[in-house]
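To keep things clear, I will list the structure first and then write my remarks on it.
The values are calculated or read from the model by the stated rules, or taken from the named source; none is laboratory data. Worth saying up front: this structure is predicted, and the values here are computed from it rather than measured. Note that each Cβ is placed from the backbone with ideal geometry, even for glycine, and that neighbours are counted across all protein chains shown. Quick note on the areas: whole protein, heavy atoms, side chains included, nothing else; ligands and nucleic acids left out. Shrake-Rupley method; radii C 1.70, N 1.55, O 1.52, S 1.80 Å.
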Amino acid sequence: MAEFAGYNMPISYTGINDEHAAVRNNAGVFDVSHMGEFILKGELALDLIQRVTTNDASKLTTGKAQYSCMTNESGGIVDDLLVYCIEENKVYMIVANASNIEKDWNWLQRFNSKETEMHNISDKTCLLAIQGPNATKILQPLTEMDILNLKYYTFTKGKFAGIDNVLVSATGYTGAGGVEIYFEDKDADADKIWDTIFEIGKPQGLKPIGLGARDTLRLEMGYCLYGNDIDDTTTPLEAGLGWITKFTKDFTAKQILEKQKKEGVERKLVGFEMIEKGIPRHGYEIKDFDDVNIGVVTSGTQSPSLGKAIGMGYLRKAFTQLDTAVYIKVRDKLVQGKVVKIPFF
């Protein structure tokens, strides 16, 4: 166990490699109730979301979700988040990173015209992510909702494990398939759902998974982690998130990002794998052959699926081409790697 975003969180139960393999090959359960959830209601709820996020939420219909981010005045990322359309043009849910709950709430309030009803339901909302190729097959007997055929970035609501008003979505942070279930923390429902899932799942190899494997799984897919790969100083275009940056509408720092798109970025988030032995870690310097600093590592690990060390980092534009040799400074030694395509897995 370790402290994370003000919560005491499990890093691992049986070991990171074992849990990682369970999710890639079968299924695992993450308790991610530390995440933040906001409900936005009213005729101007969509207008507020449109003004503060980079993606185009007007494309969302009831039952669909979207990956997006909020930008500050200089184009940096306030947070990356999910937008759920509960009722088209009327009710939306925003899912925020745990460490940014207060920051995001204040940011939304700042741009709220007071017409939009806002509710921070983070403290009373439980969130379990059941991930892996067999996750929906294991869970389907617990609900009449058709979760086996739930399309990517859609969700449904209904009864799950005997509990009413459970939202089941397919967004994922592992690249292994599966679903997330949101429900209110009341009347010991959290215990009941957790226990019921494991009663049916344990005989099928379902395992609880900690933050350690969550990190190795998301890194293999090249998914950004806020505070590591993206933050208030990195723009969506630098982070390879141009696909969630839509210039067909107005949002904070749109002009700055349009200029960046037109002129090109000075640095870019790329993936790399190590050729020589050594594990890249957050904050390590990235050098060229002549020992000149060309970037910084944002995330790195020994990939359990690939059996090699991988990482992501920001590099000067001239060094971002695939197969470009890079050198990570590991304990005062330059260890060779090369730029590779993301996702790694």
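For this structure, a couple of remarks:
- Consider segment 48-69 and keep the residues that are of a type in the set (Val, Ile, Thr) and within 24 Å of ASN106 (Cβ to Cβ). The one that is surrounded by the fewest Cβ atoms within 10 Å (Cβ to Cβ) is VAL52.
- Members of segment 113-155 found to be assigned to a loop (DSSP other than H, G, I, E, B) and surrounded by 14 or more Cβ atoms within 10 Å (Cβ to Cβ), listed by number: THR116, ILE121, GLY132, PRO133, ASN134, MET145, ILE147, LEU150, TYR153
- All conditions but one from (1) among the charged types (D, E, K, R); (2) open to solvent by 20 Å² or more (accessible area, probe 1.4 Å); (3) in a helix (DSSP H, G or I) apply to LYS186; the one that does not is (3).
- For segment 190-223, residues that are assigned to a loop (DSSP other than H, G, I, E, B) and either open to solvent by 10 Å² or more (accessible area, probe 1.4 Å) or of a type in the set (Gly, Ala, Ser) (or both) total 5.
- Considering residues of segment 280-303 that are outside any strand (DSSP E or B) and crowded, with 18+ Cβ neighbours inside 10 Å only, the residue farthest from the chain's Cα centre (by Cα): ASP288
- Residues that are in contact with a Gly (Cβ under 9 Å, 6 or more places away or on another chain) and either modelled with pLDDT under 95 or open to solvent by 20 Å² or more (accessible area, probe 1.4 Å) (or both) were ranked within segment 156-174; the one that is nearest to GLN131 (Cα to Cα) is GLY172.
- In the set ASP231, ASP189, ASP215, only one residue is under 26 Å from ASP56 (Cα atoms) and either touching a residue at least 60 places away in the same chain (Cβ under 8 Å) or among the hydrophobic types (A, V, I, L, M, F, W, C) (or both); that residue is ASP231.
- All conditions in (1) surrounded by 23 or more Cβ atoms within 10 Å (Cβ to Cβ); (2) more than 19 Å from the chain's Cα centre (by Cα); (3) closer than 16 Å to THR174 by Cα hold for GLU19, with the sole exception of (2).
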